[in-house]
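Below: the structure, in structure tokens.
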Amino acid sequence: MPELPEVETTLRGISKRILNKQINSFEPRTEKLRWPINKNLKKFLKNKKVCSAERRGKYIILNLSEGHLLIHLGMSGKLRVFNKPTDPKKHEHWDINFTDGWTLRYTDIRKFGALIKIDTKPDQHKLLKNLGPEPLGNSFNGKYLFSVTRKKTRPIKNLIMDANIVTGVGNIYANEALFLAGIRPRKQSQRLSKTNCEDLSQAIRQTLTEAIEAGGTTLKDYTNASEAPGYFKKELRVYDRGNLPCLTCGAKLKLIKQANRQTVYCPVCQS
Ligand SMILES: [Zn+2]
């Protein structure tokens, strides 16, 4: 599943090819992704300019000369840009064609992604308005994390994966950040000390930043916008390494399930 670093990498990859360009046409080849595609979108997008593009959590927002377009990659979505016309293949569900010949194409095998027209301010939209702070933004820090963990008995891993607490920390990066911070994934949130919260907020930032720099991971079938695969997987410290030796101390990493997701931790380095 594309996580925050993949979405950020995708955004950076497509931005230089779509910013300040005028849309010539929109060609949908499906009526529905996760939700139905607005029937007026063809007309709405015609001649609009893409003024800027940004990310909020795992959403990409295209700010147009009038209105906004919200894109979510769902479980398996990919965006890519090209300037040579090619016939769409199966699972390539829509194209936005620009007047200079470039195309933004969306591919999604599982069709859990989204393409939504927004007329109001994007942060007022129902999908975005309750999202917690950005993990790489200034309002996410140890102090914030300490305040939101008080009186919470949920395991800390589940808490940091809750988009209303902090947005965009997916399973891979939650595992990695908890290892870096030396905190057990099942630890009750309210039992984290101020120091734990400081360490964890920094570990989340570090893990996501490293992944973005590495161009996103190649887990499952993700490839980034220019179709060059990312290469972060080899850098993963615990995720997908259950029962293998800890890279720090050599102890056997424990593999458990939490909320139906894979959790791996070191019983020695994390407490
Ligand atoms: Zn260890």
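The values are calculated or read from the model by the stated rules, or taken from the named source; none is laboratory data. Only a predicted model underlies this, so the values are computations on that prediction, with no experimental measurement involved. Methodologically, a virtual Cβ is constructed for each residue, glycine included, from the backbone with ideal geometry; neighbour enumeration extends over all protein chains shown.
Structure above, values below:
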{"read-out": "Any hit, segment 6-13, residues being crowded, with 17+ Cβ neighbours inside 10 Å, of a type outside the set (Phe, Trp, Tyr), in contact (Cβ under 8 Å) with a residue 40 or more places away in the chain and farther than 30 Å from GLN262 by Cβ", "value": "no"}
{"read-out": "Odd one out for ASP221 among (1) modelled with pLDDT of 95 or more; (2) more than 27 Å from GLY137 (Cβ to Cβ)", "value": "(1)"}
{"read-out": "For PHE112: the one exception among (1) hydrophobic (A, V, I, L, M, F, W, C); (2) touching an Asp or Glu at 6+ places or on another chain (Cβ under 8 Å); (3) part of a loop (DSSP other than H, G, I, E, B); (4) not assigned by TED's automatic domain parsing to the domain that holds ARG205", "value": "(2)"}
{"read-out": "Scope segment 96-122; condition charged (D, E, K, R) and closer than 15 Å to ARG29 by Cα; matching residues", "value": "ARG105, ASP108, ARG110, LYS111"}
{"read-out": "Subset of segment 245-267 (residues that are free of Cβ contacts under 8 Å to residues at least 12 places away in the same chain and either touching a helix residue (DSSP H, G or I) at 6+ places or on another chain (Cβ under 7 Å) or away from the ligand (no atom under 11 Å from the Cβ) (or both))", "value": "LYS257, ASN260"}
{"read-out": "Candidates GLU31, GLU54 - the one that is within 19 Å of GLU3 (Cβ to Cβ), in the same structural domain as ILE116 (by TED's automatic domain parsing) and surrounded by fewer than 19 Cβ atoms within 10 Å (Cβ to Cβ)", "value": "GLU54"}
{"read-out": "Residue satisfying all of: in segment 224-244; of a type in the set (A, V, I, L, M) and at pLDDT 95 or above; farthest from the ligand (Cβ to nearest atom) among these", "value": "LEU244"}
{"read-out": "In segment 89-120, residue surrounded by the most Cβ atoms within 10 Å (Cβ to Cβ) [restricted to those that are among the polar types (S, T, N, Q) and within 20 Å of ASN20 (Cα to Cα)]", "value": "THR103"}
{"read-out": "Some residue of segment 167-184 being within 16 Å of the ligand (Cβ to nearest atom), charged (D, E, K, R), part of a loop (DSSP other than H, G, I, E, B) and at pLDDT 95 or above", "value": "yes"}
{"read-out": "Segment 239-253: number of residues that are touching a Lys or Arg at 6+ places or on another chain (Cβ under 9 Å) and not hydroxyl-bearing (Ser, Thr, Tyr)", "value": "8"}
